[in-house]
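S.K.: Here it is: the structure, laid out below.
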Amino acid sequence: MSIELTQFARIRLFPCSGRRNAIDGCSPKAFQQHLNEVTPVKVLEGYAPFCQLRVYRNWTRTRCTTVAITPDNAQLLKSAYEARTRDELPVLNRWFEGVSPPLASYLIVIVYDREQLQKEGESIAAEWGIVGCMATDLPEEVPMAPITMMRNALGVDEGGSGVPLDRDAYRRSVEFWSTHANWREAPP
């Protein structure tokens, strides 16, 4: 099985800004090479037949992606309407600023097959293309954010995959994301 870093994921996982909540301590080339040479701890089914979650022990300095919301850190939550690309409509996002999450134990690499990526306008030579990565303490999937599920249901034209909304999965997602948030560094 061959894996390739998509342009979409390269921008999000290895930003030029060098922010701390991206992949840390590994170049894009070395990241892709590691995924092609090391057998994952396990492979989880994704939310659709074209998606897999490949679980690797963290070999980088990447920190956990999500943090539990507690009475001690709730005041550090921020929110804003944002778009991932110029073509997408902005959606409401929520994140922490001013927290220092622990080093992740696992990197859960999200891959789509070549055919799905072609539908979404991204051509790759490999069988699988990296579209994202979750850094976690446990070798288990962090539920997809509710807004990502909705974007996917809206279709490729709106930045999604075209997979219909699964109401039960959406409810599980809301339950998790009601008590957790991603984090970012505070702006300078």
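The values are calculated or read from the model by the stated rules, or taken from the named source; none is laboratory data. Note that the structure is a prediction, hence the values are computed from the model and not measured. Cβ coordinates were reconstructed from backbone atoms using ideal geometry, including for glycine residues, and neighbour counts include every protein chain displayed. For the accessible areas, the whole protein counts, side chains as well, though only heavy atoms, and no ligand, DNA or RNA atoms are used. Shrake-Rupley method; radii C 1.70, N 1.55, O 1.52, S 1.80 Å.
S.K.: Taking the conditions exactly as written (surrounded by 19 or more Cβ atoms within 10 Å (Cβ to Cβ), within 18 Å of the chain's Cα centre (by Cα) and not in a strand (DSSP E or B)), does Val142 satisfy them or not?
M.R.: Yes; evaluated as a whole, the condition is true for this residue.
S.K.: Right, next: Confirm whether Arg184 is at pLDDT below 90 and closer than 16 Å to Phe8 by Cβ.
M.R.: Values: at pLDDT below 90: yes; closer than 16 Å to Phe8 by Cβ: no.
So Arg184 fails the test.
S.K.: For region 52-69, what are the residues that are farther than 30 Å from Gln116 by Cβ, in a loop (DSSP other than H, G, I, E, B) and open to solvent by less than 50 Å² (accessible area, probe 1.4 Å)? Break it down into steps so the answer makes sense when it comes.
M.R.: Taking region 52-69 first, the residues farther than 30 Å from Gln116 by Cβ are 61, 67-69.
Adding the requirement that they be in a loop (DSSP other than H, G, I, E, B) leaves 61, 69.
Within region 52-69, Ile69 is the sole residue that qualifies.
S.K.: Sticking with this one: Within region 148-168, work out how many residues are surrounded by 14 or more Cβ atoms within 10 Å (Cβ to Cβ) and either in contact with a His (Cβ under 7 Å, 6 or more places away or on another chain) or assigned to a helix (DSSP H, G or I) (or both).
M.R.: Of the residues in that region, 8 qualify.
S.K.: Kindly provide the set of residues from region 24-37 that are within 24 Å of Pro102 (Cα to Cα) and either part of a loop (DSSP other than H, G, I, E, B) or not polar (S, T, N, Q) (or both), ordered by number.
M.R.: Taking region 24-37 as the starting set, the residues that turn out to be within 24 Å of Pro102 (Cα to Cα) are 24-28, 30-32, 34-35.
Once the filter is applied, which keeps residues that are within 24 Å of Pro102 (Cα to Cα) and either part of a loop (DSSP other than H, G, I, E, B) or not polar (S, T, N, Q) (or both), region 24-37 yields Asp24, Gly25, Cys26, Ser27, Pro28, Ala30, Phe31, His34, Leu35.
S.K.: Could you list, in sequence order, all residues of region 169-188 that are within 15 Å of the chain's Cα centre (by Cα) and not in a helix (DSSP H, G or I)?
M.R.: Result: His180, Ala181, Asn182, Trp183, Arg184.
S.K.: Something else about it: Which condition from (1) open to solvent by 60 Å² or more (accessible area, probe 1.4 Å); (2) under 21 Å from Ala48 (Cβ atoms); (3) not in a loop (DSSP other than H, G, I, E, B) is the one that Cys133 breaks?
M.R.: (1)
S.K.: To continue, here is another question. Scan Leu107, Leu92, Leu117, Leu44 and give me the residue that is open to solvent by 90 Å² or more (accessible area, probe 1.4 Å) and touching a residue at least 40 places away in the same chain (Cβ under 8 Å).
M.R.: Working: Leu107 fails: open to solvent by 90 Å² or more (accessible area, probe 1.4 Å); Leu117 fails: open to solvent by 90 Å² or more (accessible area, probe 1.4 Å); Leu44 fails: open to solvent by 90 Å² or more (accessible area, probe 1.4 Å).
Exactly one of Leu107, Leu92, Leu117, Leu44 is open to solvent by 90 Å² or more (accessible area, probe 1.4 Å) and touching a residue at least 40 places away in the same chain (Cβ under 8 Å), namely Leu92.
S.K.: Out of the residues in region 21-58 meeting the condition of being among the hydroxyl-bearing types (Ser, Thr, Tyr) and under 18 Å from the mean Cα position of the chain (by Cα), tell me which one is modelled with the lowest pLDDT. Show your work before the answer.
M.R.: If we filter region 21-58 for residues that are among the hydroxyl-bearing types (Ser, Thr, Tyr), which is where we start, we get 27, 39, 47, 56.
With the extra rule that they be under 18 Å from the mean Cα position of the chain (by Cα), the set shrinks to 27, 47, 56.
Working: Ser27: 95, Tyr47: 89, Tyr56: 98.
Only one residue tops the list, namely Tyr47.
S.K.: Filter region 1-21 down to residues that are closer than 20 Å to Val38 by Cβ and in contact (Cβ under 8 Å) with a residue 24 or more places away in the chain and give me whichever is surrounded by the fewest Cβ atoms within 10 Å (Cβ to Cβ).
M.R.: Going residue by residue through region 1-21, those that are closer than 20 Å to Val38 by Cβ are 1-6, 9-10, 13-14.
Next cut, in contact (Cβ under 8 Å) with a residue 24 or more places away in the chain only: 1-6, 9, 13.
Values: Met1: 11, Ser2: 13, Ile3: 20, Glu4: 20, Leu5: 21, Thr6: 22, Ala9: 24, Leu13: 21.
Out of the qualifying residues, it is Met1.
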